[in-house]
Amino acid sequence: MAVSINELCVNCFACEPVCPSKAIFESKPHFKVNPNKCTECEGDYPVFQCASICPIEGAILNSLGEAINPPGSLTGIPPERMAEAMAELQSH
Ligand code: SF4
Ligand code: SF4
């Protein structure tokens, strides 16, 4: 079981030092997780340390491929409200 980092990652370096398993590494075009090393923090922390510090919604996925920080979870902006705001911006 391992988490993964996708293309939404902005290479901020925040997650790499907090991983208790040293599973996160700098790569191109974005940081990655070594699935053989990631323990999902089991035995070390009750929550995924990488996802708890990552500032980007949707950048870290659980082993089912689901965003650990889904849209709206960090900004507090409901996804439908964000979609309306973006549409409003683009109409000008
Ligand atoms: S879930 Fe835990 S062990 Fe896995 S990459 Fe993130 S911080 Fe490291
Ligand atoms: S904390 Fe998130 S955005 Fe920053 S390097 Fe890690 S996965 Fe990428």
Residues of the stretch 33-58 being over 14 Å from the mean Cα position of the chain (by Cα) and among the acidic types (Asp, Glu), in sequence order, are GLU42, ASP44
Over the stretch 7-19, the set of residues assigned to a loop (DSSP other than H, G, I, E, B) and either more than 13 Å from ligand 1 (Cβ to nearest atom) or open to solvent by 50 Å² or more (accessible area, probe 1.4 Å) (or both) is GLU7, LEU8, VAL10, ASN11, CYS12, PHE13
Of the residues in the stretch 66-82, those that are free of Cβ contacts under 8 Å to residues at least 12 places away in the same chain and either near ligand 1 (Cβ under 9 Å from one of its atoms) or small (Gly, Ala, Ser) (or both) number 2
Do we find that SER52 is among the small types (Gly, Ala, Ser), open to solvent by 20 Å² or more (accessible area, probe 1.4 Å) and assigned to a helix (DSSP H, G or I) in this structure?
yes
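The values are calculated or read from the model by the stated rules, or taken from the named source; none is laboratory data. Because the structure is predicted, anything quoted here is derived from the model rather than measured. As a convention, Cβ positions derive from the backbone with ideal geometry for all residues, glycine included, and neighbour counts pool all protein chains shown. Please note that ligands, DNA and RNA were not included when accessible areas were found on the heavy atoms of the full protein model with its side chains. Shrake-Rupley method; radii C 1.70, N 1.55, O 1.52, S 1.80 Å.
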